[in-house]
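Have a look at the structure below, then the notes.
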Amino acid sequence: MKVKLLWAAESLEEGEKEIELEGDKFKVEEILRKAGVNPVTVLVKLDDRIVPVEEEIEGENVVLELIPVVSGG
C-alpha cells in the first residue's frame, strides 16, 4: 500500500510525505504512527470526510489530508 500524507494549507507543517507499507489494509492510527505522526495531533481527511483513527483503510494509492489540531487545558 502506498500512502501520501498531505498537510492542510494552513498547517505549520510543510508539504507532503509518502510512505510505502507492506500489506493492503491498515488502521489510520497505524499509518500515522509509521509516518512519525502522533495521531492525537491531527484530524485525518479521506475523500472529503473526516475518518476516525480506528477506521481501516485499503487501496493501492491512498491520499490522506492531515489537519493539525490544538488542545489545551
With the structure loaded, tell me whether Pro68 is surrounded by 10 or more Cβ atoms within 10 Å (Cβ to Cβ), over 20 Å from Lys2 (Cβ atoms) and in contact with a Ser or Thr (Cβ under 7 Å, 6 or more places away or on another chain) or whether it fails that test.
yes
Which ones in the range 51-73 are closer than 20 Å to Gly15 by Cα and touching a residue at least 12 places away in the same chain (Cβ under 8 Å)?
Asn61, Val62, Val63, Leu64, Glu65, Leu66, Ile67, Pro68, Val69
For the range 32-65, enumerate the residues that are more than 13 Å from Trp7 (Cα to Cα), in a strand (DSSP E or B) and out of contact with any Leu (no Cβ under 6 Å at 6 or more places or on another chain).
Arg49, Val51, Glu56, Ile57, Glu58, Asn61, Val62
First in the range 22-36 and under 17 Å from Pro52 (Cα atoms), second anywhere and polar (S, T, N, Q), Cβ under 8 Å, 6 or more apart
Leu32/Asn38
For the range 23-42, how many residues are surrounded by 15 or more Cβ atoms within 10 Å (Cβ to Cβ) and out of contact with any helix residue (DSSP H, G or I) (no Cβ under 6 Å at 6 or more places or on another chain)?
8
Residue under evaluation Leu66, criteria (1) at pLDDT below 95; (2) more than 9 Å from the chain's Cα centre (by Cα), criterion not met
(2)
Which one of these does Gly15 not meet: (1) modelled with pLDDT under 90; (2) at negative phi?
(2)
Mind checking whether some residue in the range 46-61 is modelled with pLDDT of 95 or more and loosely packed, with under 10 Cβ neighbours inside 10 Å?
yes
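The values are calculated or read from the model by the stated rules, or taken from the named source; none is laboratory data. This is a predicted model, so every value here is computed, not measured. Ideal geometry is used to build each Cβ from the backbone, glycine not excepted, and the neighbour counts take in all protein chains shown.
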